[in-house]
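Engineer: One structure coming up, written as C-alpha cells, with questions to follow.
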Amino acid sequence: MIVIVMGVSGAGKTTVGAALAHATDSVFLDADDFHPPQNVAKMASGTPLGDEDRWTWLDRLNGELRKHEAKNEPAVLACSALKAAYRSRLLEGLSRARIVYLSASYEAIAGRVATRKHKYMPASLLESQFRTLEPPSGAIEVDATLPVDEAVRRIVAAL
C-alpha cells in the first residue's frame, strides 16, 4: 500500500507520516526532499510555487511511489498535495494508494508555524497554502491537532 499524507504546511505531514511509516513497517518519503533547487529558492524567498513549478516535482514523486509499489514495498509519502490535480499526478499508475488528509483550521496551523523553523518554508506562505487547498474527497481525514499517536492509530484503523 502507498499512503500519501497531505495537508498544508504545518499540519504535521512529516511527523505523522514518519510515525505512520514506522507503525506500518513502511518506507517514509518526505516530498520536501525531492524539490529541485529552484523551487526551494523560490519558497525560501517567500514566493509561493505555481503549478508550473510543481509538475516535474510531482512526476518525480510519482516515479518514486511507482518504484516502491513495483517492489511490493509499502511507502508513506508526506506531501502537501493541495490540489486535486496534484493528487491525480501523484496517484497516476498506482493500483493500491490511499490519501490521508490532515485537516485543521487556519488559526490552529498558524499557531504551529509561528513557533517552528522550517528549512525553507516561511510562515508567510501559509495563507497561500490555505487559498490553494482543495480538500480531497474520499480521503481518510484526520484532525491535525490530535496527538501524533492518536492520529496514527486512527489512520491505521481506517486503512
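Engineer: Going through region 143-152 one residue at a time, which ones are surrounded by 16 or more Cβ atoms within 10 Å (Cβ to Cβ) and assigned to a helix (DSSP H, G or I)? Give the steps one after another, and end with the answer.
Structural biologist: Initial filter on region 143-152 (surrounded by 16 or more Cβ atoms within 10 Å (Cβ to Cβ)): 144-146, 151-152.
Answer for region 143-152, where residues must be surrounded by 16 or more Cβ atoms within 10 Å (Cβ to Cβ) and assigned to a helix (DSSP H, G or I): A151, V152.
Engineer: Just checking: which of the strands (runs of 3 or more DSSP E) contained wholly in region 1-92 hold 1 or more residues that are more than 21 Å from A104 (Cβ to Cβ), among the small types (G, A, S) and in contact with a helix residue (DSSP H, G or I) (Cβ under 7 Å, 6 or more places away or on another chain)?
Structural biologist: On the way: elements: 2-6, 27-30, 75-78.
In region 1-92, the matching strands (runs of 3 or more DSSP E) lie at 75-78.
Engineer: Considering only region 93-116, how many residues are more than 16 Å from the chain's Cα centre (by Cα) and assigned to a strand (DSSP E or B)? Full working, then the answer.
Structural biologist: Here is the first cut: in region 93-116, the residues more than 16 Å from the chain's Cα centre (by Cα) are 93-96, 105-108, 110-112, 114-116.
Next cut, assigned to a strand (DSSP E or B) only: none.
Count: 0.
For (1) within 25 Å of V142 (Cα to Cα); (2) surrounded by 20 or more Cβ atoms within 10 Å (Cβ to Cβ), each residue gets a yes or a no:
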| residue | (1), (2) |
| --- | --- |
| V16 | yes, yes |
| D30 | yes, no |
| D33 | yes, no |
| W57 | no, no |
| L61 | yes, yes |
| L90 | yes, yes |
| G93 | no, no |
| R96 | yes, no |
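Engineer: Among the listed residues R54, R66, identify the single one that is free of Cβ contacts under 8 Å to residues at least 40 places away in the same chain, of a type in the set (D, E, K, R) and in contact with a Gly (Cβ under 9 Å, 6 or more places away or on another chain). Step through it out loud before you land on a result.
Structural biologist: Details: R54 fails: in contact with a Gly (Cβ under 9 Å, 6 or more places away or on another chain).
The unique qualifying residue is R66.
Engineer: Taking the condition without any contact (Cβ under 8 Å) to a residue 60 or more places away in the chain, closer than 19 Å to L133 by Cα and in contact with a strand residue (DSSP E or B) (Cβ under 9 Å, 6 or more places away or on another chain), does A31 pass?
Structural biologist: Numbers: without any contact (Cβ under 8 Å) to a residue 60 or more places away in the chain: yes; closer than 19 Å to L133 by Cα: yes; in contact with a strand residue (DSSP E or B) (Cβ under 9 Å, 6 or more places away or on another chain): yes.
The answer is yes for A31.
Engineer: Filter region 100-142 down to residues that are among the charged types (D, E, K, R) and surrounded by 14 or more Cβ atoms within 10 Å (Cβ to Cβ) and give me whichever is modelled with the lowest pLDDT.
Structural biologist: The first filter runs over region 100-142 and keeps only residues among the charged types (D, E, K, R), leaving 107, 112, 116-117, 119, 127, 131, 134, 141.
Then drop every residue that is not surrounded by 14 or more Cβ atoms within 10 Å (Cβ to Cβ), which leaves 112, 141.
Numbers: R112: 70, E141: 98.
The residue in question is R112.
The values are calculated or read from the model by the stated rules, or taken from the named source; none is laboratory data. Owing to the predicted nature of the structure, the values given are computational and were not obtained by experimental measurement. Methodologically, a virtual Cβ is constructed for each residue, glycine included, from the backbone with ideal geometry; neighbour enumeration extends over all protein chains shown.
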